[in-house]
Each structure stands twice: as C-alpha cells, then as structure tokens.
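Trainee: The structure follows.
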Amino acid sequence: MDLNKQGDFFGDYENRDSALNVNDGVKQPPIINPYLNIKKKPAIKSVDEYMDGILSGDRVVLSQAITLVESTLPSHRAVAGQIIQRCQKISSGKRTMRIGITGVPGVGKSTFIEAFGSHITSRGHNLAVLAIDPSSEKTKGSILGDKTRMETLVNDPHAFIRPSPSEGSLGGVARKTRETILLCEAAGYDVIFIETVGVGQSETAVHSMSDFFLLLMLSGAGDDLQGIKRGIMEMSDLIAITKADGANIDRANMARALYANALHLFPPTESGWVPTAVTSSAVDKTGLDDILAKIEEYFKLVWDNGYYDRHRREQSRYWMYESINETLKNMFYENPRIESLMPDYEKAVLDGQLESFSAAEELIDKYLGKI
C-alpha cells in the first residue's frame with residue numbers, strides 16, 4: 001500500500017463517526033430555572049404601613065410585622081418597638097381572652113386546639129393561635145408543623161395561626177410571644193391561644209402572659225395525680241382530660257374525679273375562681289361546650305370583680321423587668337469590645353485555662369469598664 005494513501009486512509013478514518021470520538025453531548029440545563037420568578041425579600045415597610053395592614057386585618061402584613069418583632073437585627077428592633085407601642089395602646093382598651101394551653105407530651109394539644117378553635121370561631125370569635133415549636137439543640141431549627149397539623153383551622157377566615165420557634169426559651173415560650181399577643185389583639189383577634197411545648201418548671205412564663213390557664217391531661221398514663229408537678233396544677237384554672245372516647249371514657253371520668261378532688265385541696269385563688277376538671281374528645285367533639293362554658297364563666301367573674309385588670313397590671317410589671325433583662329443582655333453581647341474578647345475567653349474556658357465563673361466575671365467587669 002502506498003504510504004501517502006495509507007496516511008490519507010487514517011486521516012479519513014479519524015473524521016468518520018466512531019465510538020472513540022467524544023461528542024459534545026447534551027447541553028446541560030442551567031442550575032437555576034430561568035422561568036422561575038424569584039422575588040426579592042420585601043423591604044421593611046414604614047410603621048404606618050404596618051399599622052394600616054394590622055388594623056385592616058391583613059394577615060400577610062400581620063405575619064410580616066410579627067417576623068419583624070421576632071428579629072434580632074437592631075434595625076428591625078427599632079421599627080418593631082414603634083409597632084409594639086402603638087399596638088399596646090390599641091390593645092389596652094380591649095377586653096380579650098388570653099388562654100394558655102399546656103399539657104404532657106402526647107396529650108394531643110394540636111388536635112384539641114384545632115377542634116376547640118373551630119368551636120370558638122363558630123361562636124363568632126376571632127382566634128389567634130400562637131403555637132410554639134421546640135427548637136433543636138443541635139441545629140437550632142424548628143419544624144414549625146402546626147399549620148400542617150391544623151388543616152381545618154388554618155383555612156378558617158376567622159383564625160390566625162402563627163408557629164414560632166422556642167429558640168431555647170424556658171418552658172417553650174418564644175422570646176417575643178407577649179409582643180405578638182399585642183399585635184394580634186390590635187388586629188381584632190379577641191381570643192388568643194398560647195400553646196407551649198409541654199409541661200415544665202418554667203410554665204410560669206405562660207401564666208405570666210395569659211388570663212386563663214388550661215391544662216390538658218391524659219387518663220390511664222400511670223399514677224394520674226403523680227404524673228404532673230403540684231405547681232402546674234396550682235396555676236391551672238381548668239383541667240381537661242383529653243381523648244375521652246371509645247374504651248377510654250370510663251378511665252377519663254375516673255381521672256376527672258381524681259383531679260377535681262385534688263384541686264379542691266389547694267388554697268383559694270386570688271381571682272375567686274374555683275378550678276375544676278372536665279373530660280373532652282377532639283375526635284367526637286364532646287366536652288368542648290363544657291370547656292367554653294367554664295372559660296366564659298371565669299371571664300365574667302374576673303371582669304366583674306376587677307381581678308382581670310389587676311392581673312393584667314401585675315403582668316405588665318413582670319414584663320417590665322423581663323424587658324430590662326432582655327435589653328441589658330442584648331447590650332452586653334452586641335458591645336464591640338465584648339464581641340472581640342468573647343472568642344478568646346471561650347477558648348480559654350474550653351482549654352481549661354480559665355474557670356467559667358471567673359471568665360464571666362472578667363467579661364462583665366470589662367464591659368462595665370472596671371478593668
């Protein structure tokens with residue numbers, strides 16, 4: 001074979017279609033969908049715009065305002081502070097019902113709240129549910145799944161559900177829950193549910209921002225009277241034995257009698273109200289009328305004897321001190337000098353070179369300018 005022709009042969013072969021040749025392949029789509037309408041985060045509105053939306057019952061604006069209140073950014077806190085002050089003036093003239101709801105894990109708080117909440121809105125009330133979801137200690141995140149669990153209530157035009165992360169707050173009460181209550185009341189919600197993560201020693205935080213304390217309990221879960229701390233029962237205005245349906249009705253009635261008798265052993269309440277226990281079933285919708293009747297009876301009593309206003313003023317004093325503590329804590333951690341020193345002190349404590357109490361004392365002294 002002629003060498004020139006042989007070269008031509010291989011040259012032609014290389015240009016032919018072959019599995020050895022690498023094709024360009026299919027053009028890859030862009031990472032971001034070009035048809036996706038990505039909206040930028042809305043800019044912060046003016047205080048007047050937020051107030052107009054809140055007073056008109058715009059739930060989107062109300063949610064945005066609550067997000068602003070929950071924010072830790074200094075610029076957000078400045079606007080949120082003005083919104084809170086204006087909402088507080090509006091809320092102070094209203095007689096609303098703030099109801100704290102707590103219970104042991106597995107008692108069915110979300111199921112009960114959906115059933116009882118729908119029952120309340122059917123009676124002409126506007127309901128705001130402030131559901132507190134536990135935050136992860138590792139990731140600091142929360143599922144915030146109450147809106148998915150309360151499918152009926154979330155579509156109720158007379159109900160507003162706001163899940164918030166507990167953010168490590170004691171008792172599962174979000175840091176800004178009380179301020180959120182003021183915004184909801186200004187928006188026209190006359191009944192506020194404050195749902196907590198579960199029973200704990202710091203449920204006093206819920207009691208300090210509610211007018212009526214409803215404790216949900218299960219029957220047949222061990223020793224009924226030993227299953228919960230005395231302090232929680234003393235704060236309760238009503239105990240509801242949940243899941244009183246099917247084969248559990250008899251046990252629920254027995255538990256109700258035990259709790260009712262136990263409540264009579266506690267000292268008289270300042271409000272003059274005599275706490276008791278009832279049974280209910282969120283599935284069968286039984287006992288809901290009894291619970292609402294007790295709540296209405298309680299509020300009629302405290303409105304007439306003046307305890308309602310006295311209790312609200314006591315709560316305001318309590319939250320004055322809480323606000324001072326919160327402000328001082330923020331001032332300390334946001335101080336530029338403390339921010340620069342904190343990593344070194346953390347490392348010294350972790351390495352065992354400095355004891356934690358000594359480190360805290362030195363940092364506070366540096367903040368106060370003593371050293």
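The numbers here are math on the coordinates, done by the rules we state, and not lab data. Computed from a predicted structure; not experimentally measured. Reconstructed Cβ throughout: ideal geometry from the backbone, glycine too, with neighbour counts over all protein chains shown.
Trainee: Please list, in chain and number order, the residues 5+ apart from Ile161 or on another chain whose amide H is under 5 Å from its amide H, with Hs placed from the backbone.
Mentor: Those lying under 5 Å, H to H, from Ile161 are Val129.
Trainee: Here is a follow-up. Using packing as a proxy for protection, rank 58-70, 247-259 so that the peptide with the highest average count of other Cβ atoms within 10 Å comes first.
Mentor: 58-70, 247-259
Trainee: Please list 101-108, 324-331, 299-306 highest first by mean number of surrounding beta-carbon atoms within 10 Å per residue.
Mentor: Working: 101-108: 18.8, 324-331: 11.0, 299-306: 13.9.
Descending packing order for the listed peptides: 101-108, 299-306, 324-331.
Trainee: Once you list every other residue whose beta carbon is under 13 Å from the beta carbon of Asp250, what net charge do they have if Lys and Arg are +1 and Asp and Glu are -1? Could the numbers behind the result be given before it?
Mentor: On the way: positive: Lys243, Arg251, Arg256; negative: Asp245.
My count for the surroundings of Asp250 gives +2.
Trainee: Let me know the Rg and Dmax you get for region 285-371 when you use only its Cα atoms, in Å.
Mentor: Spelled out, the Cα radius of gyration and Dmax of region 285-371 are 23.9, 65 Å.
Trainee: Above 13 angstrom, tally the Cα pairs of region 320-368 and express them as a % of all pairs, no decimals. Could you put the intermediate results ahead of the total?
Mentor: Values: 699 of 1176 pairs.
It works out to 59 percent of all Cα pairs.
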